[in-house]
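Here is the structure we will look at.
The values are calculated or read from the model by the stated rules, or taken from the named source; none is laboratory data. Keep in mind that what you see is a predicted model, and the values were worked out from it rather than measured. Using ideal geometry, Cβ is built from the backbone for each residue, glycine included, and neighbour counts are taken over all protein chains shown.
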């Protein structure tokens, strides 16, 4: 840890570094950020040496956790993921992995052993219980084979981890296509022995638009309160409780930084998604900048908000629009308050 008071004020509060290594995905989910996306920056991928420097610097600055996630499947870059896991483990960071579980690499015994030994949490994104619904959401024809593959990967990791391994669970994104299977899906994964079930929401407007979703989520919450899904832990996202936040309250740049496959740093998960990545939202390029340089830039560009919850969904709701569902005009907010010029990182 750095002892200099000025440097400590710069790094204070940064708990999580999130790395998005993926370059592809075998699914084409209806809610995916990359739908219709054609833009990819003309950058080379982050090198192994640059990645090592990033993780070691993050740990030296007092970082706590590394997330391996992204809008594209992380294990589409399997070698990079495994390299990152080893680096994170060697520096003492807690590591979480988020995957859709479909990549063949996850079936390899050595990859599973590496995951079990180096992570604290693994979450599989499975947004359906039945094969038909899984096919409708993911847009793939061989849904039965893929769904079975994901289930086998989950069960294999559960068996390998034993009593003291990482928490293994399911992320379930509530959308109209799968709301009818919500309770059945939670019961299904509970019976298979997963540790947790995270209920997430696509936007703040979904709950207010659909009465069916409201009723189902309310009933699901009541069952969770009655310990119906025990011993599986259930987490319900903020939007189920009517909590919404604005960009001016976003704590993301202070709590977590996102690094894409090219080593470019972004302020939130949304802006780092393939097809978005607006030039004005870049915080730095790790092929040029140190992590400390990026953190100094964050403190200069972003006013400290009053809210400690990171909710980038407002930006999704407001891209190209002035208002939607009562939420503020997020994108112009960032552009006006944070004038990051393209030439800075060209």
Helices (runs of 4 or more DSSP H) wholly in segment 75-152 with at least 1 residues that are crowded, with 21+ Cβ neighbours inside 10 Å and assigned by TED's automatic domain parsing to the domain that holds residue 65 - which ones?
-> 78-90, 109-118
Boolean, residue 160 is in a loop (DSSP other than H, G, I, E, B) and not assigned by TED's automatic domain parsing to the domain that holds residue 22 = no
Applying the selection to segment 112-137, what residues are within 19 Å of the chain's Cα centre (by Cα) and closer than 18 Å to residue 152 by Cα?
-> 115, 121, 122, 123, 124, 125, 126, 127, 128
Check whether at least one residue in segment 102-114 is in contact (Cβ under 8 Å) with a residue 60 or more places away in the chain and closer than 22 Å to residue 18 by Cα, and report yes or no.
-> yes
Qualifying positions in segment 153-166 - out of contact with any helix residue (DSSP H, G or I) (no Cβ under 7 Å at 6 or more places or on another chain) and surrounded by fewer than 16 Cβ atoms within 10 Å (Cβ to Cβ) = 159, 162, 163, 164
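Which of the following residues is farther than 27 Å from residue 116 by Cβ, surrounded by fewer than 15 Cβ atoms within 10 Å (Cβ to Cβ) and modelled with pLDDT under 95: 238, 225?
Matching residue, one of 238, 225: 225.
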